[in-house]
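The values are calculated or read from the model by the stated rules, or taken from the named source; none is laboratory data. What you see is a predicted model, and the numbers here were worked out from it, not measured in a lab. As a convention, Cβ positions derive from the backbone with ideal geometry for all residues, glycine included, and neighbour counts pool all protein chains shown.
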Amino acid sequence: MAAHELFGVDALPYGIFSVAGQAPRVGVRFGAAVVDLVAMADATGFELSGAFAQPTLNRFLALGRPSWTATREWVRQNLVGGAAEAQTIPLRDVELHLPIAVADYVDFYSSEHHAANVGHVFRPDGEPLLPNWKHLPVGYHGRSGTVVVSGTDIPRPCGQYRTPGAANPDFGPSRRLDIEAEVGFVVGLGSALGTPVRAAAVADHVFGVCLINDWSARDIQAWEYQPLGPFLGKSFATSMSAWVLPLDALEAARVPPPPRDHPLLDYLADDPAAPWGLDLALEVRLNDTVLSRPPFAGMYYTVAQQLAHLTVNGASLRTGDLFASGTVSGPEPSQRGSLLELTWNGAEPLQLDDGATRTFLQDGDTVTISATARSSQGGRLGLGEVTGTILPARC
C-alpha cells in the first residue's frame, strides 16, 4: 500500500506546517497533502479558527475532548463532501515542525520482551526482570527541551564511558549509539496537582499517539545509570513524528493487553470491557534495510496504566506532556526494537542489504520508524514516521 493511501478519512493526524513566507499553523494530513485548518475554518465559519492559527497544537489540545471530537467530525465532513479541496497543500510544498510545545517528557519501559532481553544481556546469570517490573510501569523523566521533530539530524553525543576492564573512564563520542522504537502519547487536557488520574479517564486527557525514537548512547548510559538511572545517555535527543494521530482513530485497534501472571494493584487494574492495548505494527529501517517489525499489541502495560501510574502520587498533567511506551519488542528476534537486542550488545552483527554490517550506529546512518493500525473500515491507517540521520560528534 502506498504511503498516502494510509491517510484517508479514518486517520487524519494533526501536525504543524508552514509554507514559504507564512507562519506555522495547524493542519491535518490527508493522503499526500495537508489540509490547512485555518483556511478551512475561515471558509466555513468554524469557531475554532483561532486555535488553529498557532505554531503548536497546544492551544487546540487544551480545549479538551468535546472540541477534539467536534473538530474531527467537521474535518471528515468537509473532506468527504469535497469542500476542503481548496484548502489542501501538497506535502512536497510544506515544511513540517514539532507538533507540540513539549511540557514534560516521561519514558516508560513497558515491553516484557525488551526488558527481559536487556536483563539477559546485562545480567546473564540472574533473573532477567527485576522484582518490581511485573508490579508497576517502570519509567524515568527525560529532557523535554531536546525532543525534536522527525527529519532533524542527530549529532553523535559525547560523554564519559568506561571500557570493560579499565580502572577509570574515558571521554569522547559515544561508540555504542542505539535506537529505541517507541510509541508516544500526547496529553491534551491537564490535571490538578495532588489529584491522580484514573486509568478509566485516559481518553479525557490523552489526545493522541505519535512515533518516538529514543536515541540511546549505551556506553554512556551503562557507566552513569547506577544508581539513579538514565541521564546523558538519553537526554541529547529524542525524535518525535511530525503527526499526532487522535485516539479516536484507533478504536478498531484496541485490544486486551497480554495475560498477567502477577496481580496488579487496583489503580492499575485492567477493564476487560474497555481495553487499552493497541494493535499497532511498527517497522524499523536502517538506511535501506528493514531491521525489524515490532508488534505493539504485546506491550505489558497500556497507555491507561502508564497514565495512572504517572499521576498516582499526585503529579499533575500539563497540556503538551509527552510520555513514551519504552522500546517495543516482540518474542522473535525479527521483532526487536533496538540494536542492543538485535545484535545482542554487539556480539551478533547485523548484515544490511548493501553488504555492510552494523552493531551500533555509524555516522551517516539514517533510521526510520513507521507504523500502521487497523482502521474502522477494515483496512490500514498510518501513524506517519519518525526519521533521523546521525552526524559526527562535536566534542
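Which of the residues belonging to segment 342-370 are closer than 14 Å to Glu180 by Cα and assigned to a strand (DSSP E or B)?
Correct list: Thr366, Val367, Thr368, Ile369, Ser370.
Whether any residue in segment 43-59 is modelled with pLDDT under 95, of a type in the set (Ser, Thr, Tyr) and surrounded by fewer than 19 Cβ atoms within 10 Å (Cβ to Cβ) is what I want to check.
Yes; the residues of segment 43-59 include at least one that is modelled with pLDDT under 95, of a type in the set (Ser, Thr, Tyr) and surrounded by fewer than 19 Cβ atoms within 10 Å (Cβ to Cβ).
Could you list, ordered by first residue, the pairs with Cβ atoms under 6 Å in which the first is in segment 325-343 and among the basic types (Lys, Arg) and the second is at pLDDT 95 or above and part of a loop (DSSP other than H, G, I, E, B), at least 6 apart or interchain?
What qualifies is Arg336/Ser329.
Please pick out the residue among Val328, Val367 that is in contact with a Phe, Trp or Tyr (Cβ under 8 Å, 6 or more places away or on another chain), in the same structural domain as Leu247 (by TED's automatic domain parsing), β-branched (Val, Ile, Thr) and surrounded by 23 or more Cβ atoms within 10 Å (Cβ to Cβ).
Exactly one of Val328, Val367 is in contact with a Phe, Trp or Tyr (Cβ under 8 Å, 6 or more places away or on another chain), in the same structural domain as Leu247 (by TED's automatic domain parsing), β-branched (Val, Ile, Thr) and surrounded by 23 or more Cβ atoms within 10 Å (Cβ to Cβ), namely Val328.
So, in segment 149-173, how many residues would count as being polar (S, T, N, Q) and farther than 25 Å from Thr368 by Cβ?
3
Which condition does Phe122 not pass, out of (1) exposed (fewer than 15 other Cβ atoms within 10 Å of the Cβ); (2) within 25 Å of Tyr267 (Cβ to Cβ), if it passes all the others?
The failed condition is (2).
Of these, Ala273, Ala222, which one is part of a helix (DSSP H, G or I) and over 20 Å from the mean Cα position of the chain (by Cα)? Spell out how you get there, then give the answer.
Working: Ala273 fails: part of a helix (DSSP H, G or I).
Criteria check complete, one pass: Ala222.
For Gly208, work out the one condition from (1) under 18 Å from Val303 (Cα atoms); (2) in a loop (DSSP other than H, G, I, E, B); (3) not aliphatic (A, V, I, L, M) it doesn't fulfil.
All conditions pass for Gly208, except number (2).
What number of residues in segment 305-321 are in contact with a helix residue (DSSP H, G or I) (Cβ under 6 Å, 6 or more places away or on another chain), buried (at least 22 other Cβ atoms within 10 Å of the Cβ) and more than 16 Å from Val102 (Cβ to Cβ)?
3
Could you list, in sequence order, all residues of segment 136-167 that are out of contact with any Pro (no Cβ under 9 Å at 6 or more places or on another chain), part of a loop (DSSP other than H, G, I, E, B) and at pLDDT 95 or above? I'd like the intermediate steps shown before the answer.
Looking only at segment 136-167, we keep the residues that are out of contact with any Pro (no Cβ under 9 Å at 6 or more places or on another chain), and these are 136-139, 141, 143-148, 150-154, 164-167.
Those still in the list that are part of a loop (DSSP other than H, G, I, E, B) too: 136-138, 143, 150-153, 164-167.
Passing the criteria: Leu136, Pro137, Val138, Arg143, Ser150, Gly151, Thr152, Asp153.
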